[in-house]
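Below is one structure, written out as structure tokens; the observations come after it.
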Amino acid sequence: MLFSFFGRRKKTDFDEDIFSPDGTINCRFYLEAGHVGYMVLKNDNVLIEKSTLGLEFQGEKPMGSGLRLVRANRKTINENWKTIVGEDVEIKNNYNEVAFYLAEDNAGRLITIRFRVFNDGVAFRYEIPPQPRFRRLIINDELTEFNIDNNALAWHIPAYQPDRYEYNYSSSPLYELTNSVHTPLTIKLAYDSYVSIHEAALYDYGEMTVKIDKWRALKADITPLSDGAKAYVDLPFNTPWRVVMIADRATELIKNRMVLNLNEPPREDFSWVKPLKFLGIWWAMFVGEWTWAPGERHGATTEHAKEYLASCKRLGVDGLLIEGWNNGWDGDWLQNGAFTSFTKPVGDIDFEEIAKNAKDNNINLIAHHETVGFVDNYEKQLESAYQYCAKNNIHYVKSGYAGSMLTIQNKKEFHHSQLGVRHYQKAVELAAKYHIMLDVHEPIKGTGIERTWPNLLTREGARGQEYEGGALSPSHACILPFTRLLAGGMDYTSGIFDLTNATKRIASTLARQLAFYVTIYSGMQMVSDRPVFYETKYPQAYNFIRDVPVNWSKTVPIIGEIGQYYVVARKARAADDWYIGGVTNEEPRRVHLSLGFLDDGEYKLEIYRDAEDAHYRDNQLSIVIEGKKVNKNDSLDLWMAAGGGFAIRATKL
Ligand code: NOJ
Ligand code: CA
């Protein structure tokens, strides 16, 4: 029964069950001799055993013991809200909430712990009101545990590393996580259920990484600042939400919308936000044809930009990214971050002329702001850089923070520290003021703030295709949907067709490059290769990229196992079409799909799939493009080659 224990015991020793609206999940909050903690059960199975809660402050005794309950507030929310850009147009937000107001007997300090229990997970946060004795605090540690069976299998990337989030995932039992890893941390429990630990609404606080602590429990490890403090906070202060997503099947995790739901609705009008597909003066630099730096093979010239703009027109792509357009790329660009300019184009590019040409052709330019992590230099110019964009009719910026650390206030700080979080937020908010939409590379991880700031269209924040040429294996794209993508969209830089390039050989088939536009959601999708590959070499395969939308009205994950394969269907937002994407790891496989997700009526399918002899290593380009008529009662058998995939467009007849 709901709230059955409440009031039956002393207020320093009690527990209370908070059930999900459908009654399947039970989060039990407890106070035992003044110590706070929680546990989580689903259908009476324990998912999270008794876990400590609490905070430690500098110069103060820890907070989490000696507490008594003052009062508890309860409410239930059941509402639907609409996204401007996203995987679903309508999102259901349904939870039971209890806020426990706690006070210390001795120190007289106050804290509130607020829980929300959804049908697919549990979230809680600490709320620190102004205290009788002080208004500011230094957080030294967060004691939050997620005490999950240590033998459970987790997919993880390491925290505090020079390449930020850009690592291959490892999978291992939880007990091996003695070094911190990033979230979302997705875990498969012994009895075939899944949880993913993450956070929502990360503002002005260090990112939560997690590790196995000395008590052998998974525990929050808040990213420190260079002086060792985890966060400096002014009261009142709410920590980010600690989130536990829960699912019976891996594919169900993909439907979880808790992270967005735990963020606030926008406070201003964002109807100007528009998702975008874009070409780039970009991959030519990765394969060594052009350079970022000025010189004989400079990519960002007026002539190249005009050629690419003409290709945008012919290909039906509405955006063009130009990298290497500004001062700072010459010499060793990684060393130039302290004096890069974001308002001064280099000599051989007439930026204003290009901007005018783009405007006349209705193409959106995307300005590139590579800061190399020198936040001090960037923040000085931020407002003028955005003004420069506005003046040139530019509404999209791809930013980058490619250093191994950020330079903030002359100190080296982690990208995911409180000062990093603060900078990324400042950039998003100021961009909104100038109606600028962002694609942030080397970002802070996603915690759903794009609900409040929809101009944050996408991020990188994981290993993407720039690592091709040896450092990506086919399983990676079968792990991302169940891990990184639970934190929001990703600019994976899909659509590379030059698969056999000697400098950057791609571990993928051609059909799989198309599949990514469906399997990897992003509010901005790059059409990453050079235009000649779309216009001349593989125009038929390109048709799928031309047709596939960026914005969706509905997402239906169909089948998948983490690291093995994944198939998802999405319905276009602006039309009745459905799109289906599938990817597999190194194993070829045939998958059987029932088409029950389609709406009523007949559909024409355009299927782009691997030919039987395709292979990601040595026969990447072998593709079959074929048609078929179906309705929702039909099913399909589809072949995916090793490291392959498929993409399907279903148009209503
Ligand atoms: C890393 C980014 O991920 C990539 O897209 C960009 O081209 C380079 N940095 C240079 O800014
Ligand atoms: Ca990157």
Which distance in Å, rounded to a whole number, links the C-alpha centroids of the range 306-357 and the range 594-652? 38 Å
Based on other C-beta atoms within 10 Å, arrange Glu466, Glu535 from fewest to most. Glu535, Glu466
Projected onto the charge dipole of the chain (+1 at Lys/Arg Cβ, -1 at Asp/Glu Cβ, origin at the Cα centre), which of Ser384, Gly337, Tyr126 gives the Cα projection farthest towards the positive end? Tyr126
If the only charges are +1 at each Lys and Arg Cβ and -1 at each Asp and Glu Cβ, what is the size of the charge dipole of the range 276-548 around the Cα centre, to the nearest 20 debye? 700 debye
What is the range 528-637 by shape, rounded, prolate or oblate, if you read a ≥ b ≥ c off the alpha carbon gyration tensor as root eigenvalues and call it rounded for a/c under 1.5, prolate for a/b larger than b/c, and oblate otherwise? oblate
The range 150-232: trypsin sites (Lys or Arg not before Pro) falling in loop per DSSP and having at most 14 other Cβ within 10 Å: Lys214, Arg216
When only DSSP loop residues count, what trypsin sites (Lys or Arg not before Pro) in the range 435-534 have their Cβ near at most 11 other Cβ atoms within 10 Å? none
For the range 175-302: lysine pairs under 17 Å (alpha-carbon distance), excluding those fewer than 8 apart on one chain: 5
Distance-filtered residues of the range 526-560 - backbone nitrogen under 11 Å, label point 7 angstrom along Arg249 Cα→Cβ: 557-560
By counting other Cβ atoms within 10 Å of each Cβ, how are Leu605, Leu621 ranked from fewest to most? Leu621, Leu605
With a Förster radius of 22 Å, plug the Cβ-Cβ distance of Lys313 and Asp576 into 1/(1 + (r/R0)^6) and report the FRET value to the nearest 0.05. 0.25
Points 7 angstrom from Cα along the Cβ direction at Thr651 and Trp333: gap in nanometres? 3.9 nm
Which value, in debye to the nearest 20, describes the size of the charge dipole of the chain about its Cα centre when Lys and Arg Cβ atoms bear +1, Asp and Glu Cβ atoms bear -1, and nothing else is charged? 1460 debye
Under 1.5 on a/c is rounded, so check that first for the range 276-548, then, if it is not, pick prolate when a/b is larger than b/c and oblate when it is not; a ≥ b ≥ c are the square roots of the alpha carbon gyration tensor eigenvalues. rounded
With just the Cα atoms defining each centre, how far is the range 514-539 from the range 424-448? Give it in Å. 24 Å
At Arg267 and Ser341, where each label point lies 7 Å from the Cα along Cα→Cβ, what is the point-to-point distance in nanometres? 3.5 nm
Ranked on Cβ counts within 10 Å of their own Cβ, fewest leading, Val397, Val556, Val259 go Val556, Val397, Val259
Distance (nanometres) between label positions extended 7 Å along Cα→Cβ at Asn361 and Asp213: 5.7 nm
For Thr536, put the label point 7 Å out on the Cα→Cβ axis and report which residues of the range 267-308 keep their amide N under 15 Å from it. 307-308
So if each residue of separation counts as 0.36 nm, and I subtract the Cα-Cα distance between Asp234 and Leu430, what length gain in nm does that give? 68.3 nm
In percent, how large is the relative contact order of the chain, given Cα pairs closer than 8 Å and 6 or more residues apart? 11 percent
Would you please name the GluC sites (Glu not before Pro) within the range 231-337 that are DSSP coil residues with at most 11 other C-beta atoms within 10 Å of their C-beta? Glu268, Glu296
If a/c stays under 1.5 just call it rounded; otherwise compare a/b with b/c (prolate if a/b is bigger, oblate if not). Do that for the range 2-261, with a ≥ b ≥ c from the square roots of the Cα gyration tensor eigenvalues. rounded
FRET E, pair Thr302, Asn543, Förster distance 35 Å, beta-carbon r, rounded to 0.05: 0.70
Using DSSP H assignments, which helices in the chain have an axial alpha-carbon span of 18 Å or above and a mean Kyte-Doolittle hydropathy of -0.5 or higher? 418-433
Indicate, rounded to the nearest 5 percent, the antiparallel portion of the DSSP beta bridges found entirely in the chain. 85 percent
FRET efficiency (His592, Lys82; Cβ distance; R0 51 Å; to 0.05) is 0.90
Range in the chain, longest, excluding exposed chymotrypsin sites (Phe, Trp or Tyr not before Pro) [loop by DSSP; at most 13 other beta-carbon atoms within 10 Å]: 340-653
Report the extension gain between Asp637 and Asp618 in nm, rounded to one decimal, defined as 0.36 nm multiplied by the number of residues separating them, less their alpha carbon distance. 4.4 nm
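Every number here is computed from the coordinates shown, using simple stated rules; none is lab data. Worth saying up front: this structure is predicted, and the values here are computed from it rather than measured. When we count neighbours, we look across all protein chains shown, and the Cβ atoms used for this are built from the backbone with ideal geometry, even at glycine.
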